[in-house]
1. Within the stretch 49-64, does at least one residue satisfy the condition of being of a type outside the set (A, V, I, L, M, F, W, C), open to solvent by 30 Å² or more (accessible area, probe 1.4 Å) and within 14 Å of GLY111 (Cα to Cα)?
2. Hey, can you tell me all the residues within the stretch 85-120 that are in contact (Cβ under 8 Å) with a residue 40 or more places away in the chain, more than 20 Å from SER27 (Cβ to Cβ) and open to solvent by 70 Å² or more (accessible area, probe 1.4 Å)?
3. Considering every residue within the stretch 91-104, establish whether at least one is out of contact with any strand residue (DSSP E or B) (no Cβ under 8 Å at 6 or more places or on another chain), in a loop (DSSP other than H, G, I, E, B), hydrophobic (A, V, I, L, M, F, W, C) and over 23 Å from ASN43 (Cα atoms).
4. Just checking, how many residues over the stretch 72-84 are open to solvent by 70 Å² or more (accessible area, probe 1.4 Å) and of a type in the set (Val, Ile, Thr)?
5. Output yes when any residue across the stretch 11-22 is free of Cβ contacts under 8 Å to residues at least 40 places away in the same chain and closer than 13 Å to CYS95 by Cα, and no when none is.
6. If you go through the stretch 18-31 one residue at a time, how many are surrounded by 13 or more Cβ atoms within 10 Å (Cβ to Cβ) and assigned to a loop (DSSP other than H, G, I, E, B)?
7. What's the number of the only condition in (1) out of contact with any strand residue (DSSP E or B) (no Cβ under 6 Å at 6 or more places or on another chain); (2) more than 20 Å from LEU29 (Cβ to Cβ); (3) acidic (Asp, Glu) that ASP72 fails to meet?
8. Within the stretch 42-75, how many residues are within 25 Å of PRO14 (Cβ to Cβ) and of a type in the set (D, E, K, R)?
Amino acid sequence: QVQLVESGGGLVQPGGSLRLSCAASGSLLSRYDMGWFRQAPGNRREFVSSIASGGTANYADSVKGRFTISRDNAKNTVDLQMNSLGPEDTAVYYCNAKRVAPAGVTINYWGQGTQVTVSS
């Protein structure tokens, strides 16, 4: 299985930027679809962005145009550049790795999360 560790979270003022990073170990990341999810207190974990093993990126409508996801398979890392942050972006951000195993079973791995707080 793959182990994921997020970093880069912190406190930022509205309109500011942060760059999150996810470092993977235990498996070759290039064969996984990667993504970022977030969870605010009391809420369900929601999709933020994903990037397929082939490089195709997707974004939630709420972050489209503000966030950019990227991956570096050689370094086994996935980053999320977050710009124009607002209070609604406050959450714990989780890195996700997904792989469809033989017989069509989807396997998901999660990091421990990193806190992002947007406040004046």
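The values are calculated or read from the model by the stated rules, or taken from the named source; none is laboratory data. Treat the numbers as computed from the prediction; the structure is a model and nothing was measured. Methodologically, a virtual Cβ is constructed for each residue, glycine included, from the backbone with ideal geometry; neighbour enumeration extends over all protein chains shown. Ligands, DNA and RNA are excluded from the accessible area calculation, which covers all protein heavy atoms including side chains. Shrake-Rupley method; radii C 1.70, N 1.55, O 1.52, S 1.80 Å.
1. no
2. PRO87, GLN115, SER120
3. Checked the stretch 91-104: no residue is out of contact with any strand residue (DSSP E or B) (no Cβ under 8 Å at 6 or more places or on another chain), in a loop (DSSP other than H, G, I, E, B), hydrophobic (A, V, I, L, M, F, W, C) and over 23 Å from ASN43 (Cα atoms).
4. Residues that pass the stated criteria total 0.
5. Restricting attention to the stretch 11-22, the residues satisfying the condition of being free of Cβ contacts under 8 Å to residues at least 40 places away in the same chain are none.
No, there is no match, as no residue in the stretch 11-22 is free of Cβ contacts under 8 Å to residues at least 40 places away in the same chain and closer than 13 Å to CYS95 by Cα.
6. Residues meeting the conditions: 1.
7. (2)
8. Within the stretch 42-75, residues that are within 25 Å of PRO14 (Cβ to Cβ) and of a type in the set (D, E, K, R) number 6.
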